[in-house]
Amino acid sequence: MVFIVNISSAIFDRSAPDLDSCPDESLPEFAFIGRSNVGKSSLLNMLAGKSGLARVSTTPGFTKLINFFTMNKSWRLVDLPGYGFAQVARKDSAKFNQAVSGYLEGRENLCCVFALIDSGLPPQAIDLEFVEWLASHAVPFVLVFTKADAVTSARLQANSKAFTDHLSALYENLPETFTCSATTGQGRSELLGMIEGALAEAGAGSGKPQTGDAHPLGDAPATVRKPDSPAVEKRRPDRSRPW
């Protein structure tokens, strides 16, 4: 039987505009990020079991700062700004992307990134590029397909398979994949179980895997294709995007 971490307290810590403004690195962190309007804040509230912890807005791109929430006074959930929205001025968008990339690359206590994908959409180029960026920078991550309650099972399976098929043509191993719904609570126990396992591995507060630890896509480097995969050119992220 897998023990699922019980969240007895969930407290907002702070909002940080850059890496220097973040809390100290004494607690393990689990960061959530995705394209705007993917349901990130709702998912965080569902996981924490506290409605209103992360502010939910109908305006895409509402989250502009890195928001930290302390769970059980021993680990943190981190709400990262969504990417791909058009409501922020270009100069502010560039600044926000720099803050996110700085956090993802430089945060030593970052245990895992939950890359959120809208299950109701076919693979989006911006999501694929971001996931490839995570892999190329050896950032540990898992895929979470959101809004499962809003689509049929067949559509969800088709979209998630298309996404992972793209990755399987590029990488030897795939990241762990979850399906969830903030509305119904689907996937909560699985995600908390994954966090519980990561906390156990982190031990006394260690965070991001060091050299020799498991690669986010398994044992294979991010640049290696499966030998029997069709020849697929690895599309590089748009260099106009800091990530």
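No value in this document is a laboratory result; all are computed from the given coordinates. Predicted, not measured: the structure shown is a model, and the values here were computed from it. Heads up, the Cβs are rebuilt from the backbone with ideal geometry, glycines too, and the neighbour counts pull from every protein chain shown.
Points to keep in mind about this one:
- Here the extension length gained between SER8 and SER74 equals 22.7 nm, from 0.36 nm per residue of separation less the Cα-Cα distance.
- Of the peptides 97-105, 6-14, the ranking by mean beta-carbon count within 10 Å, highest at the top, reads 97-105, 6-14.
- Other-chain or far-sequence residues with amide H under 5 Å of ARG14's (modelled H): PHE68
- Dipole moment magnitude, nearest 20 debye, region 10-202 about Cα centre, only Lys, Arg, Asp, Glu C-beta charged: 780
- At an R0 of 22 angstrom, the distance between the Cβ atoms of ALA169 and GLN124 translates into a FRET efficiency of 0.85.
- For region 10-202, the pair-distance distribution built from all alpha carbon pairs, in bins 10 Å wide starting at 0, is 9, 38, 40, 13, 0 percent.
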